[in-house]
């Protein structure tokens, strides 16, 4: 399962840069990443999924925690990103716009599962709720 999580984290960045290289598929690739994130978030929300902790780069690296609460944030981020992409579908936005949208989507997902800063404060690792508000404010200003 950790391989799927690392692949899911890297997918928006890889596809985001691929969108700029293949501009004819920009909308479809961007919507595909949002749908993959929706599926991953839905899988994390299911009652039988256990919280997953990833320690990247040994003890000096980043700690990622994917639990049901972060799954809800991932679902919300995927829905907002898909709504922005579908809203801008018929406009003449460039591939650069869709690249930025998907990279922002991946960055916000990474914030939702990052527990390193909160762990150093001695609190229970949970995704940042301010990042959700940041996601909505960016989505409102995109189009």
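General observations
- Taking the listed residues 48, 77, the one that is loosely packed, with under 12 Cβ neighbours inside 10 Å and either in a helix (DSSP H, G or I) or on the phi < 0 side of the Ramachandran plot (or both) is 48, with no other qualifying.
- Unique residue being in contact with a helix residue (DSSP H, G or I) (Cβ under 6 Å, 6 or more places away or on another chain) and more than 16 Å from residue 114 (Cβ to Cβ) when the list is 84, 62, 36: 84
- Filtering the range 1-20 to residues that are modelled with pLDDT under 90 and assigned to a helix (DSSP H, G or I) leaves 2, 3, 4, 5, 6, 20.
- Among residues of the range 66-90 that are within 17 Å of residue 11 (Cα to Cα), those with a Cβ under 6 angstrom from a residue that is not in a helix (DSSP H, G or I), sequence gap 6+ or separate chain, pair up as 66/52.
- Any chance residue 138 is closer than 27 Å to residue 24 by Cα, surrounded by 15 or more Cβ atoms within 10 Å (Cβ to Cβ) and modelled with pLDDT of 85 or more: no
The values are calculated or read from the model by the stated rules, or taken from the named source; none is laboratory data. Keep in mind the model is a prediction, meaning the values are calculated, not measured. All Cβ positions, even for glycine, are placed from backbone atoms using ideal geometry, and neighbour counts span all protein chains on display.
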